[in-house]
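J.: Take this structure first; my questions come after.
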Amino acid sequence: MSISKERAQELAIEHVSQLDLRGYRYEFVGISFDEKWPNEWGAVFDVFTPNGNLMDGPVVFVVEKETGIVRGFEPS
């Protein structure tokens, strides 16, 4: 069974909530999809410093559609 976009969002947010962010805050932006990686969802988060400043560029976590495993993005 393939993980839905909504379930991918839930899994990614749960994954981030368990990380030691050392004062940084991750804010969920959305789920992306790229035809180059048809078996994965991309969960995009903005990152804010402990002082509340938005960092340059978002962080993307990959959610595997078949397993629901969440991992950091690793470009090929």
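The values are calculated or read from the model by the stated rules, or taken from the named source; none is laboratory data. Since this is a predicted model, take the numbers as computed values, not measurements. Please note that ligands, DNA and RNA were not included when accessible areas were found on the heavy atoms of the full protein model with its side chains. Shrake-Rupley method; radii C 1.70, N 1.55, O 1.52, S 1.80 Å.
J.: Could you state the angle between the C-alpha long axis of helix 5-17 and the longest principal axis of the C-alpha atoms of the chain, as a value from 0 to 90 degrees rounded to the nearest 10?
T.: 40
J.: Among Gly42, Gly57, Gly30, determine the one that fluctuates most according to a GNM of the chain built with springs between C-alpha atoms less than 10 Å apart.
T.: For the chain, modelled as a Gaussian network with Cα springs under 10 Å, the answer is Gly57.
J.: What is the Cα coordinate range of the chain on the first, second and third principal axes, sorted by size from largest, in whole angstrom?
T.: 41, 23, 19
J.: Of all the accessible heavy-atom surface of the chain, with the other protein chains kept in place and a 1.4 Å probe, what percent is carbon and sulfur? Walk me through the numbers on the way to the answer.
T.: On the way: 2620 of 5280 Å².
Percent of accessible area from carbon and sulfur atoms in the chain: 50.
J.: If I take every Cα pair under 8 Å that is 6 or more residues apart in the stretch 7-76, average their sequence separation and divide by the length, what percent do I get for the relative contact order?
T.: Details: 113 pairs, mean separation 19.8, N = 70.
With pairs under 8 Å counted, the relative contact order is 28 percent.
J.: A further question follows. Could you give the length gained by full extension between Leu21 and Trp37, i.e. 0.36 nm per residue of separation minus their alpha carbon distance, to one decimal place? The partial results should precede the final answer.
T.: Working: separation 16, 0.36 × 16 = 5.76 nm, distance 2.75 nm.
Full extension from Leu21 to Trp37 adds 3.0 nm.
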